[in-house]
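Asks: I have a structure here, written as structure tokens, and I will follow up with some questions on it.
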Amino acid sequence: MDLPPGPRAPAVWQTLGWMARPAAFMARAHRRFGDPVTIRTYWTEEPMVLFSHPDAVREVFRLDPRIAPAGESWEFLRPFAGRDSILLLDGEAHLRERRLMTTPFHGERMRAFGPVVAELAREELSSWRGRVVTLERMRHLTLEIILRVVFGASAGGETAQLRGAVDGTLDIVRSMPQLMAMAVVRRDLGPRSPWGRFRLAVERFDALLLDVVARRRRRPDDGDSVLATLLEQRDEDGNPTSDRHVRDQLVALLVGGHDSSAASLAWAFERVARHPEVQARLRGGDPAYLDAVVKEALRARPALTIAPRLLRAPARIAGRDLPAGVQVAACLWLAMRREDLWPQAAAFRPERWLEGPQPNPMSWIPFGGGVRRCAGAPFAEMEMREVLRAAAALTIRPVRPQGERARRSMLVVVPDRGGEVLVG
Ligand code: HEM
């Protein structure tokens, strides 16, 4: 079975493009070969077929998980994510877990987090003067938000202690190639070996997390955190979720919600800094415009570029027969910059969200789609709104006029100079 055409360059060369200049690499492949296009990189062992047309994207999101399990793509994370992690499950078990995990991110419960996020954002932005590397600051802020709002950590000591443990552990988890190597050679050669260090970091981290869980169980009325909602859950037999399981849920929220939110916010600053007219309108305080800026930032610079699924059996997508053993992906990046669907796709124009017809839901997909759509999407959008609302009080200029290029930082795509801006 022939795969759709794609670049002929050796995999090592394609990997370089994919990592160092992902936007240019995907755009070139799309221009030259159209939709779909097959790329070969060391990112995955298998060739990957990228789809960007909304009809094809819908078909990818609707693939039966028995044929195209998504959990397998996260397998390398198992030692950290844990056995019950939503990231690793597929089928019924995944849906059950999803029902539990999306509860705190809806309706009143979700809205109740807004003021805390706004306060943390204002605190963070109050110290901004001169040159600011927004990616660094947003990594700090989004972690603070997760610890306080999701984990329910108290300000001060508890947050500081967890921050230290999370930073140390995530640094290791982020170095994916190292982790992959560890998955192959999982021999514990003592606490100084990479695997040994990783294991120790996870153990230390787990001890802290389980301690937080135990404390919250003892004093359930300690606050309205996501964790408090998770602790109220009962399984089908009415039993509470085990501490270990709650730990896995917290880690999934951390892995899913930290880097992706930080990268998306850094991109929002990178874009807004180059558009004084957008800043002026944001200052007007119109909530519909604020929402449009968030949607446009997520469209123009999505933090994740693909939602991949590994085909276990042959499948037909967009009229193409594809064999087992290839990766198929909804290409978020390409789908959101198709000129046929997004007039002046390269331009940053929040107004497009306030004019004319709303886009096809399968063409605005920064959070993926189908049964694996981002479980924290409403939270992530709220977080972006609150940070940009707080930032409206500042005057932000770019350090250099030309827009920043995209580069990969492990699982996400970030501005290559960290979204640097001048404040004041
Ligand atoms: C702007 C920030 C964010 C972006 C761009 C983003 C994007 C995504 C994407 C593309 C996926 C995979 C979808 C797929 O494979 O079809 C995903 C999954 C997920 N995200 Fe997010 N995310 C963001 C923030 C968050 C936050 C704040 C949380 C939680 C607090 C979160 C939790 C998750 C979880 C748990 C999953 C796995 C869902 C599943 O497998 O069913 N994300 N996210």
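The values are calculated or read from the model by the stated rules, or taken from the named source; none is laboratory data. What you see is a predicted model, and the numbers here were worked out from it, not measured in a lab. Backbone-built Cβ (ideal geometry, glycine too); neighbour counts: all protein chains shown.
Asks: Within the stretch 299-347, take every residue that is out of contact with any Ser or Thr (no Cβ under 6 Å at 6 or more places or on another chain) and under 16 Å from Leu265 (Cα atoms) and give me the one that is farthest from the ligand (Cβ to nearest atom).
Replies: So, considering only residues that are out of contact with any Ser or Thr (no Cβ under 6 Å at 6 or more places or on another chain) and under 16 Å from Leu265 (Cα atoms), the one farthest from the ligand (Cβ to nearest atom) is Ala300.
Asks: Scan the stretch 370-386 and give yes if some residue there is touching a helix residue (DSSP H, G or I) at 6+ places or on another chain (Cβ under 8 Å), assigned to a helix (DSSP H, G or I) and more than 16 Å from the ligand (Cβ to nearest atom), otherwise no.
Replies: no
Asks: Say we look at the stretch 345-361 and pick out the residues that are part of a loop (DSSP other than H, G, I, E, B) and at pLDDT 95 or above; which of these is nearest to Ala288 (Cα to Cα)?
Replies: Checking each candidate, the answer is Leu354.
Asks: Another question, then. In this structure, is Ile145 within 11 Å of the ligand (Cβ to nearest atom) and either over 30 Å from Pro314 (Cβ atoms) or part of a helix (DSSP H, G or I) (or both)?
Replies: So Ile145 fits the description; yes.
Asks: Quick one: which of Leu88, Leu95 is within 11 Å of the ligand (Cβ to nearest atom) and in a loop (DSSP other than H, G, I, E, B)?
Replies: After ruling out the rest, the residue left standing is Leu88.
Asks: Restricted to the stretch 125-136, and to residues that are outside any loop (DSSP other than H, G, I, E, B) and away from the ligand (no atom under 16 Å from the Cβ), which residue is nearest to Asp243 (Cα to Cα)?
Replies: Of everything passing the filter in the stretch 125-136, Glu136 is nearest to Asp243 (Cα to Cα).
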